[in-house]
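Here the structure comes first, spelled out in structure tokens, and everything after it is commentary.
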Amino acid sequence: MTSPRISPPSAPISQKLSRRTFLKRASLVAGATSLGVVGYSWAIEPNEIDVRRAELKLPQMPPAFDGFKIALLSDLHFGPYTGEREINSAVEAVNRLSADLVALLGDFVSEPLIGDKKTAARKAEPCAQLLTRLRSRLGSFAVLGNHDVFTDPHIVAGALKSHGISLLQNTNHAIEQDGSRLWLLGTEDALLSDCDLDAAMAGIPQQETKILLAHEPDIADGSAKLGIDVQFSGHSHGGQIRAPGLRPLYLPPLGSRYYEGYYRVGGLQLYTNRGIGTVGLPFRFLCPPEVTLVTLRAA
């Protein structure tokens, strides 16, 4: 029997890749990569809540408050890009933390690019309704942000109060526990309203522990000079869209110095939360939404 004849493989045909073909292929790869990044920044990262934990040691805090837990939630921006699904996810994340109280750090609604400001402000009502599901031992305390003030602070404040959220507007609230006391302070928005730290401090003994809720983090220098021990802020969104290893491309006024995480400013300890919602563009990249649990420790 004659064996079948097998022809040797033919030699590969050498092709020189033209510059035009190379650029075309490179642009297709870059385009696909860009679409992937945009899709991730729009559909995935804004919905992946990063739960951060921090411990703050406070030398003059009464031992009765050692282990006191505060959950931080900021920049909900109920509006064109953030709605019931995102805020419910944030509420559920907070509820799993078993906090003693929840601090809401402003910007419950978004300034409209077009359209009526009061219509945007009225979105505080469904936002506040969702926030009634927050669970903590002592309840929720809030301050207003610049978007709340720009739209209509009275509408936003009314919605929060009508749903049982305590609003601090250049004032303070004493928290008592086992015969000891610390103070929760809150200011009006520093960009568009009358932020009065002196008024928020009124009546508080100098030696007692003071925790400030203030939407814009960059007022921390003034807070430190007044002897405030801790400041919690939002406003910056952490930059919202980041590049690896680089400072954010854009940061808002009064949110460009202390824009994310923990800082020490003189004797003040500051924590800036990245927030939940988005503004300008419905994207987050390398800067996911954040819920923070802060545990206070008596040093």
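The values are calculated or read from the model by the stated rules, or taken from the named source; none is laboratory data. This is a predicted model, so every value here is computed, not measured. When we count neighbours, we look across all protein chains shown, and the Cβ atoms used for this are built from the backbone with ideal geometry, even at glycine. For the accessible areas, the whole protein counts, side chains as well, though only heavy atoms, and no ligand, DNA or RNA atoms are used. Shrake-Rupley method; radii C 1.70, N 1.55, O 1.52, S 1.80 Å.
Tabulated data
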| item | result |
| --- | --- |
| 5 angstrom amide H check on Val291, placed H, neighbours 5+ away | Asp50, Val51, Arg52 |
| Neighbour cut-off at most 12 other Cβ (10 Å), DSSP loop, trypsin sites (Lys or Arg not before Pro), segment 104-158 | Arg133, Arg137 |
| Percent carbon-and-sulfur accessible area, segment 180-264, ignoring ligands, DNA and RNA, probe 1.4 Å | 53 percent |
| In nm, spacing of pseudo-spin labels at His154 and Arg85 (7 Å Cα→C-beta vector) | 3.7 nm |
| Accessible area per residue in Å² at 1.4 Å probe, computed on segment 79-238 | 39 Å² |
| Apportionment of accessible area to carbon and sulfur, segment 50-150, percent (1.4 Å) | 49 percent |
| Estimated vicinal HN-Hα couplings, Hz - segment 131-144 in sequence order (Karplus 6.51, -1.76, 1.60; Gly, Pro = x) | 6, 5, 7, 4, 10, 7, 5, 10, x, 10, 10, 9, 10, 8 |
| Cα gyration tensor, segment 183-296 - rounded (a/c under 1.5), prolate or oblate | prolate |
| Calculated SAXS-style log₁₀ I(q)/I(0) at q = 0.21, 0.22 Å⁻¹ - segment 85-191, Debye, Cα scatterers | -1.14, -1.21 |
| Neighbourhood charge, 13 Å Cβ-Cβ cut-off, centred on Tyr263 and excluding it, Lys, Arg +1 and Asp, Glu -1 | -1 |
| Qualifying chymotrypsin sites (Phe, Trp or Tyr not before Pro) in segment 253-299, DSSP loop, other Cβ atoms within 10 Å at most 11 | none |
| Set of aspartates and glutamates with alpha-carbon distance to Lys57 below 18 Å, sequence-local pairs under 8 removed | Asp66, Asp100, Glu208, Asp229 |
| Computed lengthening from Ser98 to Gln177, 0.36 nm per intervening residue step minus Cα-Cα distance | 26.7 nm |
| Loop-resident sites, segment 54-96, for trypsin sites (Lys or Arg not before Pro), counting at most 13 other Cβ within 10 Å (DSSP) | Arg96 |
| Members of Lys69/Lys123; Lys123/Lys161; Lys118/Lys210; Lys161/Lys225; Lys117/Lys210 lying beyond 26 Å, as alpha-carbon distances in this model show | Lys69/Lys123; Lys118/Lys210; Lys161/Lys225; Lys117/Lys210 |
